[in-house]
C-alpha cells in the first residue's frame, strides 16, 4: 500500500506513469501516445488502433447483453 500511495501522491513536477501488473500492452499504448505527440503518422495509426479497440468493446458488450442467466434459489 505504501508503494501505491507513493506513486499516486507524487508532488508537482515529478510525473509518474503507472500501468497494471502484467499490463505490457497498456504500457506500449501509453508509450506510443507519448511518442505520437511528435509523429503525425504514428498518431494516425494510434487513433485507428484505438478506434478498432472501441469497436471490439462495443461488439463484446452487445454479445454479452444477449447472454441470459437462470438463477436457481
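Rule-based calculations on the coordinates, nothing more; no lab input. This one's a predicted model, so the numbers in the text were calculated from it and none came from an experiment. Every residue, glycine among them, receives a Cβ derived from its backbone with ideal geometry; neighbour counts consider all protein chains shown.
The long axis of helix 24-36 is offset from the longest Cα principal axis of the chain by roughly 50 degrees. Rounded to whole Å, the principal axis extents of the Cα atoms in the chain read 54, 40, 20, largest first.
Note on residue 3/residue 46: beta-carbon distance plugged into 1/(1 + (r/R0)^6) with R0 of 25 Å gives a FRET efficiency of 0.25. Full extension of the segment from residue 54 to residue 24, taken as 0.36 nm per residue of separation minus the current Cα-Cα distance, would add 8.9 nm. To the nearest 10 degrees, how steeply does helix 40-65 sit against the main Cα axis of the chain, on a 0 to 90 scale? Taking Cα atoms only, the helix is inclined about 20 degrees.
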